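Single-structure report; data block below.
The values are calculated or read from the model by the stated rules, or taken from the named source; none is laboratory data. Small disclaimer: the values here were computed from a predicted structure and weren't measured. Counting neighbours? That spans all protein chains shown, and the Cβs are built from the backbone with ideal geometry, glycine included.
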Amino acid sequence: MKSEARNPHLDELDIDFLYHLGLNTGMDLKNMFSGVKYVCMGGSADRAEALAQKAAEELGVAVPEGGVQTIGKTERFSLYRVGPVISCSHGMGMPSMSILLHEMAKLMDYAGCQDVQFIRVGTSGGVGVEPGTVIVAEEGLNGKLQLAFEQVELGETYSYQTRLDRQLAQDILAARGDIRAQLGKTMGTDDFYEGQGRLDGALKPRYTEAQRMAFLRRANEAGVRNIEMEAPAFAAFCLRAGIPAAIVCTTLLNRLEGDQVRSTPEQLAQFSDNAQRVVLRYIRGQLGKAVAGA
Ligand code: R2B
Ligand code: URA
């Protein structure tokens, strides 16, 4: 984190309890986390474990018998450390993920980790792309198609920029190998159903099928290739913190063709694997470069 962004009030705490992680600064966080360079996060605890396990295989890091182990408490988030990689779940939506971002950024700071990159590795609905395609976000747009994340603080609404690190996005895309992946704008909303213009929520929507399609087409023409529920808050947090950040999401369906996620569990696992592999190939390449340059 850049020093100008660091919260000075933290210096007043004798111990900082990272409550949702079940960690605190009374623990030897340096010993537990020093050397971490990549924080990968995605919505589900199962996918966090799968990514950690694959990271161990891909990077040749030994894990205990029985597989990777969580660190801290797992009531809210599941956190794994595999060599230079943290894999952690963030739950669904910006409020949940924002809690993780604050505690994870502090954790990296307290552990003395330098030059850490945050990469969201998630799922999304594609807009005009074949299901299974991985979208590496160029920018995070909100549900109004604006390059902004709006947050209410002390009763006032503030708007934060949501630019992402273009070079990092290019570097991750370049590691895709045989996996279908492309750059695109990622829209993040506060809801899966009406917030994403679905017609399959519980309540009668106020919009028509034609209005739904017109909006999705407009989004597509504006460069949106996928829709999820975290991009604006993720991009805004990392930009404020000075943390290089990327969003790499697989697409589970093409929203121009429907609203329901109909793929089989096997297909969904493959789609999720696509995004995780792209990111792990990128990390392996970077670590290879570091070794070659040493
Ligand atoms: C993608 O998938 C979740 C909703 O199903 C949400 O966290 C997101 O961004
Ligand atoms: N996640 C979302 O937020 N939307 C989708 O359509 C699929 C996954």
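Some notes on this structure:
- Taken together, the residues in region 140-160 that are surrounded by fewer than 13 Cβ atoms within 10 Å (Cβ to Cβ) and among the small types (Gly, Ala, Ser) amount to 1.
- Residue in region 109-128 that is without any contact (Cβ under 8 Å) to a residue 60 or more places away in the chain, on the phi < 0 side of the Ramachandran plot and surrounded by fewer than 21 Cβ atoms within 10 Å (Cβ to Cβ) present: yes
- All positions within region 84-103 that are within 14 Å of residue 39 (Cβ to Cβ), hydrophobic (A, V, I, L, M, F, W, C) and either within 16 Å of ligand 1 (Cβ to nearest atom) or surrounded by fewer than 24 Cβ atoms within 10 Å (Cβ to Cβ) (or both): 88, 97, 100, 101
- Assessment of region 248-266 against the conditions (away from ligand 2 (no atom under 16 Å from the Cβ) and farther than 19 Å from residue 133 by Cβ) yields no matching residue.
- Taking residues in region 228-244 that are more than 20 Å from residue 127 (Cα to Cα), and partners anywhere that are assigned to a helix (DSSP H, G or I) and hydrophobic (A, V, I, L, M, F, W, C), the pairs with Cβ atoms closer than 6 Å and at least 6 places apart or on different chains are 233/94; 237/101; 240/5; 241/5; 241/105; 242/5; 244/168.
- Taking the criterion of being among the charged types (D, E, K, R), touching a Phe, Trp or Tyr at 6+ places or on another chain (Cβ under 8 Å) and within 13 Å of residue 104 (Cα to Cα), the only residue of region 1-58 that qualifies is 16.
- When region 150-196 is filtered for residues that are of a type in the set (Gly, Ala, Ser), touching a residue at least 12 places away in the same chain (Cβ under 8 Å) and in a loop (DSSP other than H, G, I, E, B), the ones remaining, listed by number, are 175, 177.
- Flag for residue 166 being farther than 15 Å from residue 259 by Cβ and surrounded by fewer than 13 Cβ atoms within 10 Å (Cβ to Cβ): yes
- Hey, residue 8 away from ligand 1 (no atom under 16 Å from the Cβ) and out of contact with any Leu (no Cβ under 8 Å at 6 or more places or on another chain) or not: yes
- Comparison of 9, 90 shows that the only residue that is within 13 Å of the chain's Cα centre (by Cα) and not basic (Lys, Arg) is 90.
- Strands (runs of 3 or more DSSP E) wholly inside region 52-131 that include at least 3 residues being at pLDDT 95 or above and among the polar types (S, T, N, Q): 117-126
- Evaluated against (1) touching a residue at least 40 places away in the same chain (Cβ under 8 Å); (2) touching an Asp or Glu at 6+ places or on another chain (Cβ under 7 Å), residue 205 falls short on exactly one condition, (1).
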